[in-house]
Amino acid sequence: MIRTGRLAVLALALMAVWSIWWLRHLQTAPPPETAATTHRIDYTMEKFEVTAMDVAGKPQYHLQAEHMMHYADDDSSEFTQPRIEYIDKNSTSLRFEGERGWMAAKGDEIRLLGEVRIEGFAKQPFKLLTRDVSFKPATSVAETDAKAELTSAGLRVSTVGMRVNIDQQRVQFLSKVHGRYDAASH
């Protein structure tokens, strides 16, 4: 009877030691790889500049950034202080500046994040201040769902959401539009 009790105590002690080892192993085991852990930078550039050409071989836009980070897993890039100069069919330019930026793998979408400033159109120059702009070079469209304020020769318009069609030199205000025109300053 004493022998059976000792075996039971020994078995419990072994199970306790094994349980402690197993818990420590679980706590120190590396987590399984997720998209967040596999999204790693494969190269970076300082004072980054690139000029993208259209299908006819003419410059479409020029992108500059203080710092660029490229990700191998999805071929995307991120930028700090990006600046884009877009040249439309009429050789009119539109300039974008943002705090941060992101570009899809094939360059079909560029997002300017944080505060964004847009200036342009030689015929009717304007300045537009907003946040988080999505720019699609193939369609020449830039848009945001954020608040925006446009100023141009005596005109001040505030809106929530806007779309700029660069080739058509058209700005569309999407909602909660308020404007003021001062004819004397024009």
Report summary line: Being in contact (Cβ under 8 Å) with a residue 24 or more places away in the chain, of a type outside the set (A, V, I, L, M, F, W, C) and in contact with a strand residue (DSSP E or B) (Cβ under 9 Å, 6 or more places away or on another chain) narrows Glu66, Glu78, Glu97 down to just Glu78
Query raised in the report: Which of the strands (runs of 3 or more DSSP E) contained wholly in the range 50-157 include at least 1 residues that are of a type in the set (Phe, Trp, Tyr)?
Result: 59-71, 77-80, 83-87, 93-103, 126-136
Query raised in the report: Give me the pairs: first residue in the range 109-133 and not assigned by TED's automatic domain parsing to the domain that holds Thr159 and surrounded by 15 or more Cβ atoms within 10 Å (Cβ to Cβ), second residue part of a strand (DSSP E or B) and at pLDDT below 95, beta-carbon distance under 7 Å, and six or more apart or on different chains, which are they?
Result: none
Requested in this report: Could you list all residues from the range 146-161 that are within 17 Å of Tyr181 (Cβ to Cβ) and β-branched (Val, Ile, Thr)?
Outcome: Thr151, Val157, Thr159
Report summary line: In the set Gly120, Gly154, the lone residue that is out of contact with any Asp or Glu (no Cβ under 6 Å at 6 or more places or on another chain) and not acidic (Asp, Glu) is Gly120
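Matching residues to (1) among the hydrophobic types (A, V, I, L, M, F, W, C); (2) over 20 Å from Phe135 (Cβ atoms); (3) surrounded by 14 or more Cβ atoms within 10 Å (Cβ to Cβ):
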{"position": "Lys147", "(1), (2), (3)": "no, no, yes"}
{"position": "Leu150", "(1), (2), (3)": "yes, no, yes"}
{"position": "Leu155", "(1), (2), (3)": "yes, yes, yes"}
{"position": "Ser158", "(1), (2), (3)": "no, yes, yes"}
{"position": "Met162", "(1), (2), (3)": "yes, no, yes"}
{"position": "Gln169", "(1), (2), (3)": "no, no, yes"}
{"position": "Tyr181", "(1), (2), (3)": "no, yes, no"}
Query raised in the report: Only one of Ile87, Ile110, Ile118, Ile166 is over 21 Å from Ala56 (Cβ atoms) and among the β-branched types (Val, Ile, Thr); which?
Result: Ile118
Report task. Give the residue that is nearest to Phe96 (Cα to Cα), with candidates limited to residues of the range 5-63 that are among the acidic types (Asp, Glu) and modelled with pLDDT of 85 or more. Result -> Glu49
**Report entry** Identity of the residue in the range 47-88, under 26 Å from Leu129 (Cβ atoms) and charged (D, E, K, R), that ends up surrounded by the fewest Cβ atoms within 10 Å (Cβ to Cβ)
**Finding:** Lys47
Query raised in the report: Can you name every residue in the range 55-86 that is among the acidic types (Asp, Glu) and touching a Phe, Trp or Tyr at 6+ places or on another chain (Cβ under 9 Å)?
Result: Glu66, Glu78, Glu85
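The values are calculated or read from the model by the stated rules, or taken from the named source; none is laboratory data. Predicted model only: the values in this text are computed from it and were never measured. No Cβ is skipped: glycine too gets one built from the backbone with ideal geometry, and neighbour counts run over all protein chains shown.
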